[in-house]
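Report on the following structure.
Each value in this text was obtained by applying a stated rule to the coordinates, not by laboratory testing. The shown structure was predicted, so the numbers you read here are calculated from the model rather than taken from an experiment. Counting neighbours? That spans all protein chains shown, and the Cβs are built from the backbone with ideal geometry, glycine included.
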Amino acid sequence: MKTLWAPWRMKYIKYSQITREKGICFICESLKKGVSKESLVLYIGENALIMLNLYPYNNGHLLIAPKSHVPSLTDLKDEELCELMKLTVKGIRLLKLVMKPHGFNVGINIGKVAGAGLEDHVHIHVVPRWEGDTNFMPIVSDTKVIPEAVYDTYEKLKARLNEVM
Ligand SMILES: [Zn+2]
């Protein structure tokens, strides 16, 4: 994987330090708020949810997480694992439909040492990739621009969600 230059994530690193000190989990907080533009939650299933990452590596960066606040895949029951993977596939289909990426990075970081920003609540990253996006993203790297782009992307994805469910 080519490293994406994502300087706006510095804000996230600071944010995740604060929330960790306060014992706040942004996935659980978003889950409580429910499906909304504000929470960035697109879909809540029986055991898992799909949300947009407020501090994305790329436009359309999704997080697929179980409702259970657990640190690792090994803590999940079969039905949770099953829905997690099903929602990952639906997330990929949705991004294909709306944003037409050329590829995806799909991955899980388990543990701080492996790069998990939020290590207490396991989640799958789905990052759409476009040809040449390593060159494109710096143009929209302004920290003021990115959050607006995330909410704009939320509306576009939400509008077509039922087509993949
Ligand atoms: Zn949590």
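Taking θ as phi - 60° and the Karplus parameters 6.51, -1.76 and 1.60, the scalar couplings of segment 40-47 work out to 6, 7, 8, 7, 10, x, 6, 10 Hz in sequence order, x denoting glycine and proline. Between Lys22 and Asp152, the C-beta separation translates, for a Förster distance of 41 Å, into a calculated FRET efficiency of about 0.90.
For segment 15-113, the spread of Cα positions along the three principal axes, ordered from largest to smallest, is 38, 31, 30 Å.
Peptides 42-48, 100-106, ordered by how many other C-beta atoms sit within 10 Å of their residues on average, highest first, read 42-48, 100-106.
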